[in-house]
Ligand code: NAP
């Protein structure tokens, strides 16, 4: 048996991150469950441990350098050196451009882009040392442009350029970097969007599903499945790609 891989999933207390952490644990990895609040990651860790896996909840704000470095150090000390990283933590601060505050802009760019940058820069050391690594960054169909999301669309398009550059720089060390770009996935994030536009979440899902070629909305497990493939041993020749997980070619 090969040695157990150690993964870090950010924003893994709920939604896509929690499903991804559980899936990677089921795939045989030990998982560092990073979220803003350590206690919030407990449910994800408990479900992994109950299924016979290894996991550790770590509290860190992905946009804060000392917290990111401490989180990676803790995972390395308690689980082992991390060589799989899923930059998933995310927030929305939707507003039309003329109403968007600097804080809305800075917060969204900070969590998605600065967060992915800080985690990738910190974790790559372990990957390069082991001459093996997998990075997956969460983009979105919103990268193609979405009304009310100038900040989020810029961040998610930025994630794609960031990913392709990591693929070029880290490839010689056996490290791949890819992005997944989900469409509509049922999580607290899309529930908040439904609330913002004043539509019940069930109705919102039904209306959205009617516009999606496969005629259903996505589940966190749909994204976790794609990430599971990208971080697998056999996916070493897939790098710098963006995979849309959207039930069709785009939003
Ligand atoms: P979610 O349910 O809102 O979960 C996001 C998680 O990230 C939460 O646990 C949140 O913690 C955590 N988080 C937020 N800011 C953080 C920070 N600074 N440091 C550490 N953790 C932080 O979101 P989701 O729907 O699962 O989305 C996950 C990722 O997929 C995001 O990057 C999102 O942009 C992307 N995505 C989602 C969809 C969709 O339809 N849902 C579509 C495309 C892309 P708190 O609970 O404490 O805030």
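FYI, it's all coordinate maths here, none of it is from the lab. Just so we're clear, the structure is a prediction, and the values are computed from it rather than from any experiment. Here the Cβ is made from the backbone with ideal geometry for all residues, glycine too, and neighbour counts use every protein chain on show.
Against the chain, whose longest principal axis is taken from its Cα atoms, helix 220-230 shows a tilt of about 40°. Based on Cα atoms of region 164-233, Rg over Rh with Rh as the Kirkwood radius reads 1.15. Springs between Cα atoms under 10 Å define the GNM used for the chain, and in it the highest mean-square fluctuation of 49, 111, 72 occurs at 49.
Relative contact order for region 101-251: what percent, with Cα pairs under 8 Å and sequence separation of 6 or more?
Dividing the mean separation by the residue count of region 101-251 yields 27 percent.
Measuring from label point to label point, each 7 Å out along Cα→Cβ, what is the residue 165 to residue 232 span in nm? So the two model labels end up 3.1 nm from each other.
How high is the FRET efficiency from residue 64 to residue 191, r the C-beta distance, R0 25 Å, rounded to 0.05? That pair, residue 64 with residue 191, gives E of 0.40.
Solvent-free Debye calculation, one equal scatterer per alpha-carbon of the chain: log10 I(q)/I(0) at 0.08 Å⁻¹ equals -0.28. Residue separation of residue 129 and residue 214 scaled by 0.36 nm, minus their Cα-Cα distance, works out to 26.4 nm of gained length.
Taking all Cα-Cα distances within region 111-251, those exceeding 26 Å account for 28%. Computed with the Debye formula from one identical point scatterer per Cα of region 1-108, without solvent, the log10 of I(q)/I(0) at q = 0.15, 0.19 Å⁻¹ comes to -0.60, -0.86.
For region 199-244, the square roots of the Cα gyration tensor eigenvalues, ordered a ≥ b ≥ c, give a/c of at least 1.5 with a/b greater than b/c, which places it in the prolate category. Length gained on full extension, residue 97 to residue 242: 49.5 nm, using 0.36 nm per residue less the C-alpha separation. Annotation for residue 3 and residue 225: the two label points, set 7 Å from Cα along the Cα-Cβ direction, are 3.3 nm apart. Compared with the alpha-carbon gap, the fully stretched path from residue 107 to residue 203 is longer by 31.6 nm at 0.36 nm per residue.
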